[in-house]
Amino acid sequence: MKRLIINKRTKAVAVSVTLPVVLLILWQLFTCGMFASFKLVPSPCKVLNTFVILFSGPAFLHHIAASLERVMSGFLIGIVTGFSFGLLMGLSRTAEKIFAPSFHAVRQVPMIGWIPLIIMWFGMTELPRVLIISIAAFYPIALNTFAGVRNVPRHYLELAAVYDYKGWKLIRRIIIPAALPSIITGITLSLGMSWAILMAAEIFIQTEFGIGTQIQMGRDRFNMALVVAGIITVGLLGFSMTMLVEKLAKAVERERGIRTEL
Amino acid sequence: MFLTRFDWKSKLLALIVPLVVLTVWQSLVSLHVFSELILIPPLTLVSTLVELARSGELTLNILESLKRVVSGFLVGASSGFILGVVMALSPFLNRLFGPFLKALQQVPEFAWMPLIILLFGIDELAKVIFVSIGAFYPMLFNTWQGVSGVPEKYHELARVFDYKPHRYLTKVIIPGALPSIITGIRLSLGLSWMFVVGAELFGSDSGVGYMMTWGRQLFQIDIVIAGLVVIGTIGFLMNALLQIAETRFLQWRVSIDGRSA
């Protein structure tokens, strides 16, 4: 029985690996030796080589650190403001009536569209880069916090009224814990958005350091291997960040589950 | 039901923020806090929009952008749709493509842009490819989810009637997955619109994004803000139209389910 399961698993993994491996072989064939039909396209070996070169100097880590720092500041600003905004709109129907229509109107503008305006206002500095990332992080957390707060079960609120919980105590003890799953979804989405917009921020608002800068540099020098290496780096970093946040979210959920049981 | 009272209070409350913004904006202009290069009077914005519309420049740029959205969206959404259906129906193909596509999805779309430009030049083709990448994923994911969620009894019924693949697709799969597919279309069209603006900001000689870059380079902030209003309005209209379609199709589904229950 156990062997059967393992077999099934190995088979599944083998199927999943097929496509990347075939593509990799084709890539190598078409870029090396006699089949080399695209001169511009680097071979997989060359990309790997570029990675080795990149990791042997300090500049590459510097680019990565700059990108991470940028995305983290934008993300933190975005989720703190977005959370407060969502909480306010969720708690007060009047606040919702005042802010929601304008919020939804502004939200219609594709985020990228803000870039020319904020460049005009703040120049090609760090501020507009962080600002655009925080705008991107703002929407998902605001929407999800709002939805979470609005969907707090009625009997929780009734219980809170019995215990005479009011104001800050009510928010901290009842509303935020009840809305937590939705808030966490918002945070995960916000992180994804921040990471996606980071690339646009670094490519459109030129900067000295950043992975986007590096990809752009590769393009300017017609060094495609550098471009591909940059793309792989961004993908891997984004993936590990998402995994990390999902792990954290699961840990928080588990903690919460235990508390509900108690 | 139809005679719901017009909610004056909500409408008035909704006006507070726009009015405050306009007042602050106008007073900042009147008090000359910032230079005209950074902040234009609200009325200038209106006259710029009118002027751009009257000269035909705006219409031309909007049409140019829309053309790109339509071609990119059609390419991206149709491939996402086909792959979504195929992957939801065949566990083998799901395993074959799933992890690979998921890995590719980790790369933010904008990171592909320099690569696409290196490979295909900075022409129309590069923009369409870029937009179609943006349109691809939401369509793929939502179609997959919709088709996977088609109840087993529908499949069974199709087997009983011995439906041919073509009939199976048009009578069972697509109607069953329709709400999800329409959500996919809506999301994918929205992203296409954002990416077309991005592609045009990057390098173009026409389109709304180009108009905004041009305005920025000439320090004409009124054109940049006018561009923002235009892309926001178009994004809103696209979303609203498809949302109407969405509720319509959902209504149909609810009534059918209601009768069968």
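Some observations on this one:
- Hits in the range A:97-124 - residues which are touching a residue at least 24 places away in the same chain (Cβ under 8 Å) and either of a type in the set (S, T, N, Q) or in a helix (DSSP H, G or I) (or both): A:Phe103, A:Arg107, A:Met111, A:Ile112, A:Ile115, A:Ile119
- Residue check for B:Leu31: more than 11 Å from chain A (Cβ to nearest Cβ), at pLDDT 85 or above and surrounded by fewer than 14 Cβ atoms within 10 Å (Cβ to Cβ): yes
- Filter pass, A:Ala229 being under 16 Å from A:Met124 (Cβ atoms), part of a helix (DSSP H, G or I) and open to solvent by less than 30 Å² (accessible area, probe 1.4 Å): no
- Applying the set (1) open to solvent by 60 Å² or more (accessible area, probe 1.4 Å); (2) assigned to a helix (DSSP H, G or I) to B:Asp205 leaves exactly one unmet item: (2).
- Qualifying position, being in the same structural domain as A:Thr188 (by TED's automatic domain parsing), of a type outside the set (Phe, Trp, Tyr), crowded, with 22+ Cβ neighbours inside 10 Å and closer than 30 Å to B:Thr213 by Cα, among A:Ile115, A:Ile77: A:Ile115
- Test: residue in the range A:136-150 that is within 22 Å of the chain's Cα centre (by Cα) and outside any helix (DSSP H, G or I): no
- Any chance B:Ile82 is out of contact with any helix residue (DSSP H, G or I) (no Cβ under 6 Å at 6 or more places or on another chain), modelled with pLDDT under 90, more than 7 Å from every other protein chain (Cβ to nearest Cβ) and surrounded by fewer than 17 Cβ atoms within 10 Å (Cβ to Cβ): no
- Selection count, the range B:218-227, where residues are facing chain A (nearest Cβ under 9 Å) and open to solvent by 10 Å² or more (accessible area, probe 1.4 Å): 2
- Residue count for the range A:204-216 under the criterion of being facing another protein chain (nearest Cβ under 9 Å) and open to solvent by 10 Å² or more (accessible area, probe 1.4 Å): the result is 2.
- Taken together, the residues in the range B:92-136 that are within 11 Å of chain A (Cβ to nearest Cβ) and farther than 22 Å from A:Met217 by Cβ amount to 15.
- Taken as a whole, the condition of being in a loop (DSSP other than H, G, I, E, B) and touching a Leu at 6+ places or on another chain (Cβ under 9 Å) applies to A:Phe222.
- Scanning the range B:145-168 for residues that are crowded, with 16+ Cβ neighbours inside 10 Å and closer than 15 Å to B:Gly84 by Cβ turns up B:Gln145, B:Gly146, B:Val147, B:Val150.
- Pick from the range A:181-203, criterion within 8 Å of chain B (Cβ to nearest Cβ) and farther than 14 Å from A:Ser134 by Cβ, ranking: modelled with the lowest pLDDT: A:Ile203
- Any chance B:Glu124 is open to solvent by 50 Å² or more (accessible area, probe 1.4 Å), under 22 Å from the mean Cα position of the chain (by Cα) and of a type in the set (Asp, Glu): yes
- Options B:Thr59, B:Thr4: the member that is modelled with pLDDT under 90 and either within 29 Å of the chain's Cα centre (by Cα) or of a type outside the set (D, E, K, R) (or both): B:Thr4
- Positions within the range A:95-110 being facing chain B (nearest Cβ under 7 Å) and either in contact with a strand residue (DSSP E or B) (Cβ under 7 Å, 6 or more places away or on another chain) or of a type outside the set (Phe, Trp, Tyr) (or both), in sequence order: A:Lys97, A:Ile98, A:Pro101, A:Ser102, A:Gln108, A:Val109, A:Pro110
- Of the listed requirements (1) at pLDDT below 85; (2) within 14 Å of another protein chain (Cβ to nearest Cβ), A:Gly167 misses just one: (2).
- Here A:Arg129 meets the list (1) open to solvent by 20 Å² or more (accessible area, probe 1.4 Å); (2) under 20 Å from the mean Cα position of the chain (by Cα); (3) among the charged types (D, E, K, R) almost entirely, failing just condition (1).
- Scanning the range A:40-64 for residues that are in a helix (DSSP H, G or I) and either open to solvent by less than 50 Å² (accessible area, probe 1.4 Å) or without any contact (Cβ under 8 Å) to a residue 24 or more places away in the chain (or both) yields a total of 16.
The values are calculated or read from the model by the stated rules, or taken from the named source; none is laboratory data. The shown structure was predicted, so the numbers you read here are calculated from the model rather than taken from an experiment. Every residue, glycine as well, gets a Cβ built from its backbone with ideal geometry; the counts of neighbours run over all protein chains shown. Only protein heavy atoms, including side chains, enter the accessible area calculation; ligands, DNA and RNA are left aside. Shrake-Rupley method; radii C 1.70, N 1.55, O 1.52, S 1.80 Å.
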